[in-house]
Every structure is written in structure tokens, then in C-alpha cells.
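Notes follow the structure.
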């Protein structure tokens with residue numbers, strides 16, 4: 001069974017370096033290679049500029065590049081609503097639903113839970129809470145920062 005890494009930020013793929021007094025963020029190639037060794041598919045999507053994703057794609061080693069599926073800012077902006085009432089909606093919610101769907105990852109667009117008072121409550125999909133909505137045992141959420149990859153298995157919990 002193919003394992004899938006989901007990154008909702010490029011932060012785990014970056015590292016900060018200082019050369020001649022100038023501080024720059026660079027691609028953390030070691031983190032990319034660790035992900036490629038551990039997973040068959042790596043989904044990376046965020047509102048980071050398209051140029052960031054182009055840089056990542058151009059600097060990934062050829063042998064692992066096909067494992068990475070990159071979703072830059074322009075992908076997310078396709079989901080902007082013309083409806084002024086929907087302006088408060090986060091365009092990342094429908095975008096992440098599309099990413100999950102096109103990669104065959106099972107998720108709930110609506111989650112029903114029973115509260116402490118015994119009443120049923122429904123919650124709409126929220127990309128910031130993938131751990132609640134993704135119910136695919138192949139998926140792992142990857143977070144972290146420079147030099148650190150944190151793994152959270154995404155399986156449907158009880159309740």
C-alpha cells in the first residue's frame with residue numbers, strides 16, 4: 001500500500017542559512033530526500049508563491065521529483081468565489097478537498113460528532129484540521145520546521 005505525505009506548508013522543506021552576513025531561506029534537500037525515502041507520494045500545497053514551488057521542483061533530484069505533487073498559490077486562487085457572502089470562506093478548504101480527491105485520498109467533507117450534551121453537531125471541512133476529516137490510513141500529515149519533520153498519521157478517530 002502506497003504511503004502518502006501531506007504538507008500544508010513549505011516550512012518543513014526550508015532551512016535558513018547565513019552567508020557573508022546575508023540570511024536566506026533555502027531548500028532543505030535532506031528533508032526532501034527523507035520524505036522521498038519514506039513515502040511514495042508527497043503532496044505539498046500552500047499559498048507560497050509559485051516561484052517557491054518552481055524553485056523546489058527545479059532543485060529536487062530527478063530520481064525523486066516524480067514523487068512530489070506541488071500545489072502553489074495559483075492553484076489555490078482558482079477557488080476564489082465571486083460571491084461576496086463567501087468572501088469569508090477560506091479558499092484553501094475547497095482547494096484541499098480537490099487535492100485530496102484527485103489523489104484518491106478518502107476524507108469526509110462534513111463531519112458529524114455527538115457533543116457532551118448528546119446532540120449531533122456537523123462541522124464543515126477545514127484544511128487546518130485535516131486530522132479530523134481525512135480517513136485514509138495511507139495518509140500522514142507532515143509538519144515541522146527547519147531541520148525537523150513531524151509525522152502525524154491521519155486515520156479517522158472515534159467520535
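The values are calculated or read from the model by the stated rules, or taken from the named source; none is laboratory data. Since the model is a prediction, treat every value here as computed from it, not as a measurement. Neighbour counts are summed over all protein chains in view; Cβ atoms, including those assigned to glycine, are modelled from backbone coordinates with ideal geometry.
Return the residues of the range 127-141 that are buried (at least 16 other Cβ atoms within 10 Å of the Cβ) and either within 10 Å of residue 107 (Cβ to Cβ) or touching a strand residue (DSSP E or B) at 6+ places or on another chain (Cβ under 8 Å) (or both); say none if nothing qualifies. Break it down into steps so the answer makes sense when it comes.
Taking the range 127-141 as the starting set, the residues that turn out to be buried (at least 16 other Cβ atoms within 10 Å of the Cβ) are 127, 130, 132-134, 136, 138-141.
The answer is 130, 132, 133, 134, 136, 138, 139, 140, 141.
Screening the range 40-149 for helices (runs of 4 or more DSSP H) wholly inside it with 1 or more residues that are touching a residue at least 40 places away in the same chain (Cβ under 8 Å) returns the ranges 50-59, 92-102, 130-133. Only a single criterion out of (1) closer than 18 Å to residue 6 by Cβ; (2) modelled with pLDDT of 85 or more; (3) over 13 Å from the mean Cα position of the chain (by Cα) is not satisfied by residue 100, namely (3). When the range 28-39 is filtered for residues that are in contact with a helix residue (DSSP H, G or I) (Cβ under 6 Å, 6 or more places away or on another chain) and either part of a loop (DSSP other than H, G, I, E, B) or more than 24 Å from residue 139 (Cβ to Cβ) (or both), only 28 remains. Screening residue 144 against (1) surrounded by fewer than 18 Cβ atoms within 10 Å (Cβ to Cβ); (2) at negative phi; (3) modelled with pLDDT under 95 leaves a single unmet condition, (2).
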